[in-house]
1. State whether the stretch 158-211 is rounded, prolate or oblate according to the following rule on the C-alpha gyration tensor (a ≥ b ≥ c being the square roots of its eigenvalues): a/c under 1.5 gives rounded; otherwise a/b larger than b/c gives prolate, and the remaining case gives oblate.
2. If you take all C-alpha pairs in the stretch 103-176, what percent of them are over 17 Å apart?
3. By a straight-distance test (C-alpha under 18 Å), which lysines pair with LYS151 as possible cross-link partners, with residues fewer than eight away in the same chain excluded?
4. May I ask you to list the lysines whose Cα is less than 22 Å away from that of LYS37, ignoring any residue fewer than eight positions away on the same chain?
5. Considering only DSSP states other than H, G, I, E and B, which trypsin sites (Lys or Arg not before Pro) in the stretch 121-219 qualify as loop sites with at most 11 other Cβ atoms within 10 Å?
6. Choose one of GLY120, GLN97, ILE107: the residue whose Cα lies farthest towards the positive end of the charge dipole of the stretch 80-127 (beta-carbon charges +1 Lys, Arg; -1 Asp, Glu; about the Cα centre).
7. Find, to one decimal place in angstroms, the Kirkwood hydrodynamic radius of the stretch 39-144, where the mean of 1/r is taken over every pair of different Cα atoms and then inverted.
8. Would you please give the residues with an amide H less than 5 Å from that of GLN105, counting only those at least 5 places away or on a separate chain, with H modeled from the backbone geometry?
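Bear in mind that the values in this text are calculations on the coordinates, not laboratory data. Model, not experiment: these values are computed from the prediction. Because the Cβ atoms are built from the backbone with ideal geometry, glycine has one as well, and the counts that use them run over all protein chains shown.
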Amino acid sequence: MGQKVNPYGFRLGITTDWKSRWFEERNYREFVVEDWKIRDYLMRQLEAAAVSRIEVERTRDRLRVDIHTARPGIVIGRRGAEADRLKKHLEELTGLQNRIQLNIQEIKQPELDAALIAQGICDQLVRRVAFRRAMKRAIQTVQKAGAQGIKVQCSGRLGGSEMSRKEQYREGRVPLHTLRADIDYGFREARTTSGRVGVKVWIYKGDILPYKVSIEDKITREAAMAVGETSGQGGPRRLITAGGGRRRAEAFPADEDGAGEDVVEEEIVHVPAAEAPEVAEVAEVATAVAEEPVVTDAVEAADVTVPEAEEEAETPPADLLPSPTEPDDLDRQLTQDEEMERQNRHEHHETPHFRRESD
């Protein structure tokens, strides 16, 4: 009763996937320590790159590292120089020469990532921003992005006080005991002048219903078979890339370079003679589209030549939680609360002085 459980580990294997995907019986301890060293080195080197999480996947003789970041240009560097440097140091750290694949995954919505929100609050606390202002600004940003609920908690010497305490704010629903709930959890530490302040963020994005998706697929297949089509024509073609995420059952295993292939089933269709020219034209168009290069989200460090990444690397990184240009009602209310707390701080914490009465 009342015991807190990590939302990621609580739903592991149900709605969340492992961040380290490998199995080893003999060298299990060495591989666990190696994964920790990889994450620790990358997080220290990429403090300004807004890195949310790092996933590690091992095969028999290869290692793949997926870096999920909101600023891929900083990780890639100019013409891939930064990514090459990171890859070279990982090879020295693990002893796998030319057998490490480094993928940079861009986070499309950093406002809905709990780890990035917590990191943004920590950055503001380090710059001596009031903790209540930072917490409420983060809640406002996440709610505007479309989350159904958020809870933020800060613990430590808040405001430079001598006694540490906890304060938390919550908006919307955050069902921590519901297994089907998609809860994103993030934890970061702010190294302030008065000590470390821990920041925890829970973001509720909705429910994950895997059985609902399977029922919809079954209905689609049955409808396609009733019309006379095959069951494979109902859904869109899926692109299998070398990026991270959960494995799909219909994908071919990746080759040595880590790139997969599309799964396309060949079908024999009987076409009347009158429709043969039109079918030929459609086939030519389909062939031309299939030969076009496909751009994926997964970017390998050795082959990165992205002009947008170079421009982003040149400009200094902005704040994860930008402050509004004009003060709004929330800023005015927070300013009044801070002024009242500053005026009443010494009244509540003064130590009484006792005098000895002289005879």
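1. Values: a/c = 4.34, a/b = 2.81, b/c = 1.55.
Here the stretch 158-211 falls in the prolate category.
2. Details: 1267 of 2701 pairs.
In whole percent, the long-distance tail amounts to 47.
3. Output for LYS151: LYS4, LYS136, LYS166, LYS200, LYS205.
4. Output for LYS37: LYS19, LYS87, LYS88.
5. Details: sites: ARG127, ARG128, ARG132, ARG133, LYS136, ARG137, LYS144, LYS151, ARG157, ARG165, LYS166, ARG170, ARG173, ARG180, ARG188, ARG191, ARG196, LYS200, LYS205, LYS212, LYS218; in loops: ARG127, ARG128, ARG157, ARG173, ARG180.
In loop regions of the stretch 121-219 (DSSP not H, G, I, E or B), the sparsely surrounded trypsin sites (Lys or Arg not before Pro) are ARG127, ARG128.
6. The residue sitting farthest along the positive end of the dipole is GLN97.
7. Working: mean 1/r = 0.0657 Å⁻¹.
Hydrodynamic radius (Kirkwood, Cα pairs) of the stretch 39-144 is 15.2 Å.
8. It is ILE67, HIS68, THR69, by chain and number.
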